[in-house]
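Structure, as structure tokens:
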Amino acid sequence: MAERKQRAFSGIQPSGKLHIGNYTGALKQWIETQHSVDGIYCVVDLHALTSTEKTSEKTVVDQSREVAALYLACGLDSNASIVFLQSEVWTHPYLSWVLETQVPLGWLSRMTQFKTKSSERDSIPTGLLTYPLLQASDILLYDADIVPVGDDQKQHIELARDIAQRFNSAYGEIFTLPQPKIGMDGSRIMALDAPTEKMSKSRALLSHGHGIGIVDEPDAIAHTIRRAVTDSGSSVSVESAGPGIRNLLNIYKAFSGETDNELTTRFDGKGYGTLKSDLTDLLVEKLAPIREEYHRVLAEGSFLDEVLSKGKERALQISSEKVALVMESLDISR
Ligand code: TYM
């Protein structure tokens, strides 16, 4: 019998402007492995309800369609992978509730993301605390073996694994134990205006100079890189670069595929201006086809709707079988 392909699941929140970190940390990995794994990629719009920042005049559904269009524009093949919107598949919040009844509160309150995000808000919605359970449901419903994500999601994927283990030891082998898959390069791109902070979607919309959008126009890319914070020196040393130059080099590395040795040959001893202008050229070249395809997919519209409808049906089919198994194991099904 043919061995089952590894199954990959991942998702992005439609909560702002998708940036080059989302590309190098997540999308690029999905596309590189799409023909060797069985991939399921979701636009996690229910998760996005937990963010308060009004980052756009657009509705959540318009932003969700844009994120799905970007998945396709980056090269995700909808014949090879399932692409769908989380809110259209009822099993996700359903399993999340079941997990709420099983997972100790302490497991959620110690999550780094919860601590950071809740400290920034006066009134903390319960969904911010239970967010990782919805994320665990996303993953566990499909028996995902691997979850290709950026470095910041590691803790949430490890929690999903702990939850699966706990559930299995209480009720039998129901869930596959997932593993985070974090790429070697580009798994943590920093902000261009503050290279000790992570580049973030919501801030990328609010402040110019923070991040580079995947579909930014060439002059916007050039402008942001020109303004990017560097180190205090003036010429590049790959080995001893500080945070600003290290970040620019990391971005160059993730988009060019070059090794540290190649970067050293290319940039050591050159001025910061050369690094910035070479990086601009590289990003403009790599992002142009994605931007064009993105606008084409959105303008055409009906293809995107077909992909999402087909994705919804397949996601429902797989995940409702898992829910049935869960309910049976809890002795709650008729
Ligand atoms: P989100 O929407 O914040 O980010 C989407 C993906 O982009 C990665 N990422 C980055 N990678 C490198 N550098 C950065 N600066 C950077 N910023 C973001 C993230 O690691 C992620 O892979 N909780 C998730 C969404 C989610 C999910 C899931 C992911 C919900 N359910 C199930 C995987 C599986 C999130 O907020 O990602």
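What pairs can you find where one residue is in segment 306-330 and more than 19 Å from Ser10 (Cβ to Cβ), the other is among the polar types (S, T, N, Q) and assigned to a helix (DSSP H, G or I), and their Cβ atoms are less than 8 Å apart, with a gap of 6+ or different chains?
The qualifying pairs are Ser320/Thr91; Val323/Thr91.
Taking the condition touching a Ser or Thr at 6+ places or on another chain (Cβ under 8 Å), within 21 Å of Ser51 (Cα to Cα) and not basic (Lys, Arg), does Ser123 pass? Steps first, answer last, please.
Working: touching a Ser or Thr at 6+ places or on another chain (Cβ under 8 Å): no; within 21 Å of Ser51 (Cα to Cα): yes; not basic (Lys, Arg): yes.
In short, no.
Only residues that are crowded, with 21+ Cβ neighbours inside 10 Å and β-branched (Val, Ile, Thr): list them for segment 46-75, please.
Answer for segment 46-75, where residues must be crowded, with 21+ Cβ neighbours inside 10 Å and β-branched (Val, Ile, Thr): just Val67.
Please specify each residue of segment 105-128 satisfying the condition of being within 14 Å of the ligand (Cβ to nearest atom) and either open to solvent by less than 20 Å² (accessible area, probe 1.4 Å) or out of contact with any Pro (no Cβ under 9 Å at 6 or more places or on another chain) (or both).
From segment 105-128, those within 14 Å of the ligand (Cβ to nearest atom) are 108, 111-114, 116-117, 127-128; that's our starting set.
Result: Leu108, Met111, Thr112, Thr116, Lys117, Gly127, Leu128.
Suppose we keep only residues that are more than 12 Å from the ligand (Cβ to nearest atom) and among the small types (Gly, Ala, Ser) within segment 195-212. Which one would you say is most open to solvent (accessible area, probe 1.4 Å)?
Residue satisfying both the conditions and the ranking: Ser207.
Scan segment 31-45 and tell me whether some residue there is part of a helix (DSSP H, G or I), free of Cβ contacts under 8 Å to residues at least 12 places away in the same chain and open to solvent by 30 Å² or more (accessible area, probe 1.4 Å).
Taking every residue of segment 31-45 in turn, at least one turns out to be part of a helix (DSSP H, G or I), free of Cβ contacts under 8 Å to residues at least 12 places away in the same chain and open to solvent by 30 Å² or more (accessible area, probe 1.4 Å).
Can you list the helices (runs of 4 or more DSSP H) found entirely within segment 103-142 that contain at least 3 residues being hydroxyl-bearing (Ser, Thr, Tyr)?
In segment 103-142, 112-119, 126-140 are the helices (runs of 4 or more DSSP H) which contain 3 or more residues that are hydroxyl-bearing (Ser, Thr, Tyr).
Testing Pro178 on (1) open to solvent by 20 Å² or more (accessible area, probe 1.4 Å); (2) within 10 Å of the ligand (Cβ to nearest atom), one condition comes back false. Which one is that?
Among (1) open to solvent by 20 Å² or more (accessible area, probe 1.4 Å); (2) within 10 Å of the ligand (Cβ to nearest atom), the lone unmet condition for Pro178 is (1).
The values are calculated or read from the model by the stated rules, or taken from the named source; none is laboratory data. Computed from a predicted model, the values in this text were never measured in an experiment. FYI the Cβ positions are ideal-geometry reconstructions off the backbone, even for glycines, and counts take in every protein chain you see. When the accessible area is computed, the model is the full protein with side chains, heavy atoms only, and any ligands, DNA or RNA have been set aside. Shrake-Rupley method; radii C 1.70, N 1.55, O 1.52, S 1.80 Å.
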